[in-house]
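The values are calculated or read from the model by the stated rules, or taken from the named source; none is laboratory data. The shown structure was predicted, so the numbers you read here are calculated from the model rather than taken from an experiment. So basically every Cβ, Gly included, is an ideal-geometry build from the backbone, and we count neighbours across all protein chains shown. Just so you know, the surface numbers come from the protein's heavy atoms only, side chains and all, with ligands and any DNA or RNA stripped out. Shrake-Rupley method; radii C 1.70, N 1.55, O 1.52, S 1.80 Å.
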Amino acid sequence: MFAIGPRRAFALLAFAAVAFAPAAIYAQTTTTGAISGTVKDPAGAAVGGATVVVHNDATNAESTLTADGSGFYNAAQLQPGSYTVTISASGFGTLRDTGIVVAVGQSTALSPTLSVASGTQVVTVSGGMPLINF
């Protein structure tokens with residue numbers, strides 16, 4: 001007959017508990033997603049310091065991020081749904097991208113190319129009631 005000591009019995013019991021435990025115990029559950037990417041200029045160079053505004057179309061919640069020195073940004077912990085992303089930087093035009101879909105457990109890639117600003121544009125709107133002759 002084979003006999004084992006109390007230490008070995010405890011070690012075998014601990015090993016069996018860990019080895020045969022359901023995998024679901026160790027799985028992590030996530031309920032959010034992310035939007036990330038690198039902001040670039042027309043030449044393909046990174047645009048560091050770009051402002052990235054992520055707007056949840058359903059809840060109107062917004063978060064504002066700043067791209068790092070290499071143009072990278074990561075908007076994490078976003079609820080699943082449709083988003084509008086607005087990206088701007090000094091000396092560049094503003095880019096607005098709508099209908100960006102965030103899915104659970106996924107990072108949606110959005111790496112925009114900003115156009116160079118072409119100067120200051122002023123739009124003047126004037127209006128009045130037109131005269132109607134009867």
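Which of the numbered conditions does Thr94 fail, given that it passes all the others? Conditions: (1) modelled with pLDDT under 95; (2) open to solvent by 20 Å² or more (accessible area, probe 1.4 Å); (3) touching a Lys or Arg at 6+ places or on another chain (Cβ under 9 Å).
Of (1) modelled with pLDDT under 95; (2) open to solvent by 20 Å² or more (accessible area, probe 1.4 Å); (3) touching a Lys or Arg at 6+ places or on another chain (Cβ under 9 Å), only one is false for Thr94: (3).
Residue under question is Thr84, and the condition is that it be in contact (Cβ under 8 Å) with a residue 12 or more places away in the chain and either in contact with a Ser or Thr (Cβ under 7 Å, 6 or more places away or on another chain) or hydrophobic (A, V, I, L, M, F, W, C) (or both); does it hold?
On the way: in contact (Cβ under 8 Å) with a residue 12 or more places away in the chain: yes; either in contact with a Ser or Thr (Cβ under 7 Å, 6 or more places away or on another chain) or hydrophobic (A, V, I, L, M, F, W, C) (or both): yes.
Answer is yes for this residue.
Ala11 fails exactly one of the following numbered conditions: (1) under 23 Å from Val104 (Cβ atoms); (2) modelled with pLDDT under 95; (3) surrounded by 10 or more Cβ atoms within 10 Å (Cβ to Cβ). What is the number of that condition?
Failing condition for Ala11: (1).
Table: residues versus (1) modelled with pLDDT of 95 or more; (2) assigned to a loop (DSSP other than H, G, I, E, B).
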{"position": "His55", "(1), (2)": "yes, no"}
{"position": "Ala58", "(1), (2)": "yes, yes"}
{"position": "Tyr73", "(1), (2)": "yes, no"}
{"position": "Ser118", "(1), (2)": "no, yes"}
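Residues are listed down the side, and each one gets a yes or a no for (1) open to solvent by 40 Å² or more (accessible area, probe 1.4 Å); (2) more than 17 Å from Val101 (Cβ to Cβ); (3) among the aliphatic types (A, V, I, L, M):
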residue	(1), (2), (3)
Thr30	yes, no, no
Gly33	no, no, no
Ser36	no, no, no
Val39	no, yes, yes
Gly44	yes, yes, no
Thr51	yes, yes, no
Thr59	yes, no, no
Thr66	yes, yes, no
Tyr73	no, yes, no
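Return yes or no: is Ala103 within 18 Å of Thr31 (Cα to Cα) and in contact with a strand residue (DSSP E or B) (Cβ under 6 Å, 6 or more places away or on another chain)?
When the stated conditions are applied, Ala103 passes them.
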